[in-house]
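Quick notes on the structure that follows.
The values are calculated or read from the model by the stated rules, or taken from the named source; none is laboratory data. Note that the coordinates shown come from a computational prediction; the quantities given were computed from them, not determined experimentally. All Cβ positions, glycine included, derive from the backbone under ideal geometry; neighbour counts span all protein chains shown.
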Ligand SMILES: [Fe+2]
């Protein structure tokens with residue numbers, strides 16, 4: 001019996017043992033996962049030494065994880081698994097604004113603001129006026145939608161990462177769309193930031209030659225009665241790191257002009273968020 005037959009035999013035995021289990025979905029996923037991993041071992045002739053390195057890596061992922069930091073989540077995010085799990089469960093119609101990860105920096109209780117207000121409490125940074133319009137799939141304005149916005153500052157830091165320097169709820173706010181489905185958000189240009197780079201995931205990314213640098217973006221959660229809630233990020237078209245976003249959130253539909261990055265002058269930009277109805281054919285203007 002060669003190695004490949006050994007692997008097949010153990011997979012068959014495991015599948016047989018799990019067939020009578022109570023949780024058939026879990027059993028099926030465990031079987032498929034072990035078979036996929038076994039196929040990798042077989043294809044690449046993984047050595048015991050390499051397998052021990054994998055175990056050691058997993059141990060360090062666990063050691064780097066605590067109540068404030070989850071290195072496992074970072075691993076799944078940077079390997080595209082989180083995004084894949086969200087994508088296969090969204091099932092949204094063509095034409096809606098792409099959904100992206102919520103990320104760890106969102107806060108539920110950001111203050112409500114009036115259209116035209118600034119979300120920059122400390123007033124530090126290059127001014128940016130962002131007009132957001134919310135429409136349905138027919139292009140009709142969605143009135144009374146809540147636009148929840150949050151972003152990093154010009155140093156690439158969110159307020160809850162930087163409590164000693166930024167006032168609470170700096171660069172966060174909730175707005176309601178008007179009769180044209182629009183809100184005007186006054187803010188400052190955000191900078192990109194580096195994902196936690198002192199743990200085992202960053203070490204793996206370095207070994208693979210992959211970037212931990214996120215391109216500059218503003219995050220949004222758009223909610224309206226009768227529509228699917230949209231969580232997304234709008235990216236600075238001029239950012240040189242768009243192609244290498246470690247979280248795979250960038251797509252052509254999510255680019256906007258945040259202004260000339262070499263200029264300290266302000267910039268106006270517009271972006272249209274297209275929502276899907278929460279039921280087939282739902283449309284609420
Ligand atoms: Fe972000």
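Quick look at the numbers
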quantity	calculated
Residue selected from the range 90-107 under the condition at pLDDT below 95 and more than 16 Å from the ligand (Cβ to nearest atom), by the criterion surrounded by the most Cβ atoms within 10 Å (Cβ to Cβ)	92
Only listed residue being assigned by TED's automatic domain parsing to the domain that holds residue 247, over 16 Å from residue 218 (Cβ atoms) and without any contact (Cβ under 8 Å) to a residue 60 or more places away in the chain, chosen from 164, 178, 136, 155	164
Some residue of the range 151-174 being more than 20 Å from the chain's Cα centre (by Cα), part of a strand (DSSP E or B) and over 16 Å from residue 258 (Cα atoms)	no
Any hit, the range 82-96, residues being farther than 17 Å from residue 215 by Cβ and in contact with a helix residue (DSSP H, G or I) (Cβ under 6 Å, 6 or more places away or on another chain)	yes
Residue within the range 191-201 that is closer than 20 Å to residue 259 by Cα and crowded, with 20+ Cβ neighbours inside 10 Å present	yes
Criterion (surrounded by fewer than 16 Cβ atoms within 10 Å (Cβ to Cβ), in the same structural domain as residue 178 (by TED's automatic domain parsing), away from the ligand (no atom under 16 Å from the Cβ) and over 17 Å from the mean Cα position of the chain (by Cα)) met by exactly one of 42, 122	122
Scan of the range 13-39 for residues that are surrounded by 11 or more Cβ atoms within 10 Å (Cβ to Cβ) and either in contact with a strand residue (DSSP E or B) (Cβ under 9 Å, 6 or more places away or on another chain) or over 24 Å from residue 55 (Cα atoms) (or both), ordered by number	17, 18, 19, 21, 24
Residue check for residue 137: in a loop (DSSP other than H, G, I, E, B) and in contact with a helix residue (DSSP H, G or I) (Cβ under 7 Å, 6 or more places away or on another chain)	no
Verdict on residue 173 being out of contact with any helix residue (DSSP H, G or I) (no Cβ under 8 Å at 6 or more places or on another chain) and away from the ligand (no atom under 15 Å from the Cβ)	yes
Matching entry among 196, 261, 190 (being within 19 Å of the chain's Cα centre (by Cα), within 16 Å of residue 151 (Cβ to Cβ) and assigned to a loop (DSSP other than H, G, I, E, B))	190
